[in-house]
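**Q** Got a structure for you, written out below as C-alpha cells; questions coming shortly.
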Amino acid sequence: MSQLKKMKRKVVFLLIALFTLSVSAEVVEIDGICYNLISKGNIAEVTGCHHYSGDVVIPEAVTYNDVTYCVTTIRKNAFTGCSLNSIEIPSSITKICQEAFYNGGASSVKIKDLAAWCNINFESYFKTNPLTNASHLFLNDEEIHDLVIPDGVKTITDHAFYYFRGLTSVKIPSSVTSIGHECFAYCLGIKTVEIGDSTSQEAATVLGGRIFYMCNNIDSVVLGNNIVEIGRDAFDGCKAIRSIVIPNSVKTIGSHAFVGCESLESVQLSENLKSIEWATFSSCTNLKSVIIPDGVEFLGETAFGYCTNLTEVKLPSNLKKIDWCVFQDCTSLTSIEIPDLTHTIYICAFDGCSNLKTVTLGKSVQNIQNGAFANCPALEEIYCKAKTPPTCYTAYNNLYAKTLDVFYDSYIEYVTLHVPESSIETYKASEPWSKFKAIIPIILPEHTLTYMVDGEVYKTYIIEEDDVIIPEQEPVQEGYSFSGWSDIPEIMPDSDVTITGTFIALPKCATPSIMYENGQLSFTCDTEGAEFISEITDTDVTQHNSATISLTATYHISVYAKASNHSVSDIAQATLCWIDAEQAEENVNVGFTKVTAMAVLIQCDGNVLKIQGADLGTSINVFDVTGNKVGSAIVNSDTTYVTTSLERGHVGIVNIKDKSIKIVIP
C-alpha cells in the first residue's frame with residue numbers, strides 16, 4: 001500500500017473516531033440498571049452492561065448529575081442471556097430493539113398502561129418482545145388472561161403480543177384502526193377473538209398480515225363492521241375456527257388469510273368483495289359450501305384448492321376469470337356452473353375434482369387452459385352455452401411434468417356434450433369437442449319481451465333465452481319527445497322482460513304575428529329560432545272565361561311556427577286587401593289606368609278585429625251575413641281594434657270605404 005493511501009486511511013479512521021465521540025452517549029449504571037444517557041433530548045436507553053437477574057423494574061425516568069432523563073428505549077442485547085423472574089416495563093418505553101431479549105427473558109412481564117404498550121415499536125419479531133418467553137402478563141399487578149384493549153386506542157403495533165401464551169381471549173374496540181403485523185401470532189392460548197362491533201358507523205380498521213398466525217386454538221371469531229381489510233395470512237393455520245362471517249364493510253382479504261383452517265365448515269363473505277386472492281381458503285378441509293358474492297370478479301390461484309369436503313359452490317355472476325388451481329382437488333364437488341360473464345378458465349382450475357359429474361360453461365367462455373378439467377374421471381355431462389367453441393390449450397405442465405390437455409384423464413369419450421343447436425356442427429369440427437361421446441342440442445326456453453309506452457303495450461316479441469336482443473326503434477308522436485327506453489338487456493335472460501318508455505309533451509311554439517309594411521309581408525314569433533310555414537291564397541289568381549272580371553285584390557294569409565324541442569304553434573290568419581284611396585286616372589295614350597290604393601291588413605283575435613293600414617278618419621263597419629251591423633270604429637291610429645258580437649265560426653263582412661271583405665272568426 002502506498003504511503004499516500006495509508007495517510008488517507010488514517011485520516012478516515014480519525015474522522016470516524018471523532019464523529020463517534022461527538023454522538024456517543026454516556027453509559028452509566030443507576031440502581032443496578034445500565035443506561036445510555038443522551039443529552040440531546042434528555043433520553044435514557046436501557047443497555048446491557050452486565051448480566052441481570054431476579055426482578056427488574058425499569059423506571060420511567062432516571063436522574064444523573066441533577067439531570068432527569070426519560071427512559072424511552074431498550075437497546076439491542078440489553079437482556080441477552082438474562083433469565084429473569086419478572087421485568088416491569090414503564091409507560092415511557094416507546095421502542096424495544098431487535099434481540100433485546102436474545103437467549104433470555106422473564107417469566108412475568110408487568111406494565112401499568114395497556115394503551116402505551118400497544119404503541120411500543122417492537123423493532124423485530126426476533127427476540128424483541130419480552131412476552132415471547134413469558135408465561136404471565138400483569139397490568140397494575142392484576143394478571144391478564146382476557147385481553148381487553150381500552151376504547152380510544154387507535155393502533156396496536158407489529159408484534160405487540162407476539163408468541164405470548166398467557167392469553168385466552170382478545171377483545172379489540174372499533175376505535176382501533178390498525179392492528180399490526182403478527183400482533184398475536186403464535187398466541188396458542190387464545191380461544192375467542194372479538195374485533196370491533198356491528199353498530200359501528202365508520203369502517204376504517206385494517207387487520208395486518210399474520211395477526212393471528214398459527215393461533216390453532218381459536219374457535220370463535222367475531223368481526224365488526226368497522227373492518228375494511230383482512231391482511232395476508234391473518235388467520236393462517238387457525239385450525240379450530242368452525243365458522244366465520246366476513247362483514248360487508250370488508251373490501252379486501254389478503255392471500256392465505258384462512259389457509260389451513262381445517263375445522264372451518266361455513267363462511268359468509270362480504271358483499272363488497274371484488275376478488276378472492278391466492279390460497280385465501282386453501283386446505284380448509286371441512287368447508288362444505290360457499291356462496292361467493294356477485295361483486296367478485298376474480299378468483300386467485302388455489303383460492304379454494306384442496307377443500308376436500310366442499311360439495312357446493314355458487315360462483316358470482318360477475319366473475320371474469322378463474323385462476324390456476326382455484327378448486328384443485330376439491331374431491332367432493334359434484335357439479336359446477338361457470339357464470340355467463342366468465343371468459344377464461346386457467347390451468348388446473350378443477351384438476352383432481354374426482355367426483356365432478358356435471359359442468360356448465362357460460363356463454364362467454366372463450367379460453368380453457370391445459371389441465372383445467374384434468375383428472376375428473378366421474379365426468380358425465382358438459383353443458384357449453386357458448387355458440388363459438390371455446391379454445392382449449394394443450395401444454396407442458398410443470399406440476400405433472402408432462403403435457404396436459406384440458407380434459408386429461410377425464411375420459412371425455414364417454415361424456416355427453418350439450419351445445420346450442422345452431423352450433424352443433426361447429427363443435428363437431430373442433431377439438432377436443434369432437435372427441436366427446438355425443439353432441440346434442442341444448443333446448444333453451446323462450447320468454448316474452450314487451451315494450452310499454454305510457455302504460456300501454458306497444459310491441460311484444462317471443463325470444464329464446466340467451467339470444468341477442470335487438471333494441472326497438474323509438475316511437476315518434478307529433479308534439480312530443482320520447483324519454484328513451486329503459487335498460488334493455490344485451491341478451492334474453494331466463495325470465496320475461498318488460499321495457500318501458502314515455503312521451504313527454506313539448507312546449508308549444510308561440511303563435512306568430514303577421515305584419516305588412518313598405519310593401520313587404522313579414523312574420524314574427526316570441527319563440528327563439530322559430531321557422532315559419534305560411535300559405536297565401538289570392539282569389540284573383542284563377543282562370544276566367546268571361547269578358548268582364550271583377551278584381552278584389554285580396555289575399556288570405558295563414559301561417560304557423562315551429563322550433564326545435566317545441567310543438568308547432570297555433571295557426572295565425574289574416575286578410576290583406578287594397579282599398580282605393582282616390583279616383584282612378586285613365587291614360588288612353590299609354591294604355592294603362594293608374595289607381596292609388598292603401599294596403600289594409602285584417603286579423604282576428606276572437607271577436608275583436610285588428611285592422612292596420614287604413615287612413616286616419618276612415619269609417620269601419622262590420623256586418624253579419626244578414627246585414628246587421630255587429631261592430632264599428634273610426635280609424636284614429638296605425639292600428640284600430642273593432643269589437644264585434646260575432647262568435648267563433650261566424651262569417652263577418654268588413655266594410656272599409658266602398659270595399660267589403662269577408663272574414664271568418666277563428
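**Q** Between Ser220 and Asp409, what length comes free when the chain is fully extended (0.36 nm per residue of separation minus the Cα-Cα distance, one decimal in nm)? Walk me through the numbers before you get to the answer.
**A** On the way: separation 189, 0.36 × 189 = 68.04 nm, distance 4.16 nm.
That pair, Ser220 and Asp409, stretches by 63.9 nm at full extension.
**Q** Let's test the formula: R0 of 35 Å, r as the Cβ-Cβ distance of Glu312 and Thr460. What FRET efficiency results, to the nearest 0.05?
**A** Working: r = 38 Å, r/R0 = 1.09.
It comes to 0.40.
**Q** Kirkwood hydrodynamic radius (Cα pairs, Å) of the range 140-186? The partial results should precede the final answer.
**A** Details: mean 1/r = 0.0889 Å⁻¹.
For the range 140-186, the Kirkwood estimate is 11.2 Å.
**Q** Something else about it: To the nearest 20 Debye, how big is the dipole of the chain about its Cα centre, given +1 on the beta carbon of each Lys and Arg and -1 on that of each Asp and Glu? Walk me through the intermediate numbers first.
**A** On the way: 44 positive and 78 negative charges, 615 e Å.
The dipole magnitude comes to about 2960 debye.
**Q** For Ser83 and Phe126, what does the FRET efficiency come to when R0 = 25 Å and r is the distance between their Cβ atoms, rounded to the nearest 0.05?
**A** On the way: r = 19 Å, r/R0 = 0.74.
So the FRET efficiency works out to roughly 0.85.
**Q** Tell me whether the range 50-166 comes out rounded, prolate or oblate; compute the Cα gyration tensor, take square roots of the eigenvalues as a ≥ b ≥ c, and use a/c under 1.5 as the rounded threshold. Intermediate results must be reported in sequence, preceding the final value.
**A** Numbers: a/c = 1.43, a/b = 1.14, b/c = 1.25.
In terms of gyration-tensor shape, rounded.
**Q** Asp141 versus Asn286, label points 7 Å from Cα toward the beta carbon: distance in nm?
**A** Between Asp141 and Asn286, the label points sit 4.4 nm apart.
**Q** Cα-based Rg (one decimal) and Dmax (whole number) for the range 356-399, in Å?
**A** My reading of the Cα-based Rg and Dmax gives 11.5, 32 Å.
**Q** Between Asp615 and Lys387, what is the label-point separation in nm under the 7 Å Cα-to-beta-carbon projection?
**A** Here the modelled spin labels are 8.4 nm apart.
**Q** Work from the charge dipole of the chain (Cβ charges, +1 for Lys and Arg, -1 for Asp and Glu, about the Cα centre) and give the residue of Ser564, Gly371, Tyr69 farthest towards its positive end.
**A** Tyr69
**Q** Place +1 on the Cβ of every Lys and Arg and -1 on the Cβ of every Asp and Glu in the chain, take the dipole about the Cα centre, and give the residue among Tyr461, Gly254, Asn140 whose Cα lies farthest towards its positive end.
**A** Asn140
**Q** Just add up the charged neighbours of Gln328: K/R +1, D/E -1, any other residue whose Cβ is under 12 Å from the Cβ of Gln328.
**A** Details: positive: none; negative: Glu301, Asp323, Asp329, Asp351.
So the environment of Gln328 carries a net charge of -4.
**Q** Order 306-319, 27-40 from most to least packed using the mean count of other Cβ atoms within 10 Å.
**A** On the way: 306-319: 18.6, 27-40: 15.0.
Top to bottom by mean Cβ count within 10 Å: 306-319, 27-40.
**Q** Would you tally the net charge around Gly208, using a Cβ to Cβ cut-off of less than 12 Å, leaving Gly208 out, and scoring K and R as +1, D and E as -1? Don't skip to the answer; put the middle values down first.
**A** On the way: positive: Arg210, Arg232; negative: Asp158, Glu182, Glu229, Asp233.
For residues surrounding Gly208, the net value is -2.
**Q** Is the C-alpha gyration tensor of the range 368-449 telling us rounded, prolate or oblate? Criteria: a/c under 1.5 is rounded; beyond that, a/b larger than b/c is prolate, otherwise oblate.
**A** Details: a/c = 2.33, a/b = 2.08, b/c = 1.12.
In terms of gyration-tensor shape, prolate.
**Q** Also: Project the alpha carbons of the chain onto their principal axes and report the range along each, largest first, in whole Å.
**A** For the chain, the Cα spread along each principal axis is 147, 86, 68 Å.
**Q** What length, rounded to one decimal in nm, is gained on full extension from Thr511 through to Ile653, with 0.36 nm per residue of separation minus their alpha-carbon distance?
**A** Details: separation 142, 0.36 × 142 = 51.12 nm, distance 2.49 nm.
Roughly 48.6 nm would be gained on extension.
**Q** Another one. How many Å³ per residue does the convex hull of the Cα positions in the range 372-524 occupy?
**A** Values: hull volume 34.2 nm³, N = 153.
Looking at the range 372-524, the number lands at 223 Å³ per residue.
**Q** Hey, another quick one. Could you sort the peptides 213-221, 59-67, 631-639 by per-residue average Cβ neighbour count (10 Å cutoff), highest mean leading? Write out the running numbers ahead of the final one.
**A** Numbers: 213-221: 19.8, 59-67: 12.0, 631-639: 13.9.
Averaged packing, sorted descending, gives the order 213-221, 631-639, 59-67.
**Q** Tell me, in nm to one decimal, what length is gained between Thr450 and Ser178 on full extension, where the rule is 0.36 nm per residue of separation less the Cα-Cα distance?
**A** Extending this stretch completely gives an extra 92.6 nm.
**Q** Compare the peptides 160-169, 325-334 by average per-residue count of other Cβ atoms within 10 angstrom and give them in order, highest first. List each step's numbers first, then the result.
**A** Working: 160-169: 20.4, 325-334: 21.9.
Per-residue mean Cβ counts within 10 Å order the peptides as 325-334, 160-169.
**Q** Let me ask you something else. Starting from the Cα gyration tensor of the range 57-108, take the square roots of the eigenvalues, sort them a ≥ b ≥ c, and report rounded, prolate or oblate (rounded when a/c is under 1.5, otherwise prolate if a/b is larger than b/c, else oblate). Write down the numbers at each step before the final one.
**A** Values: a/c = 2.18, a/b = 1.81, b/c = 1.20.
Verdict is prolate for the range 57-108.
Each reported figure results from applying straightforward, stated rules to the coordinates on display, with no laboratory input. As the structure is a computational prediction, the values presented were derived from the model and not from experiment. Heads up, the Cβs are rebuilt from the backbone with ideal geometry, glycines too, and the neighbour counts pull from every protein chain shown.
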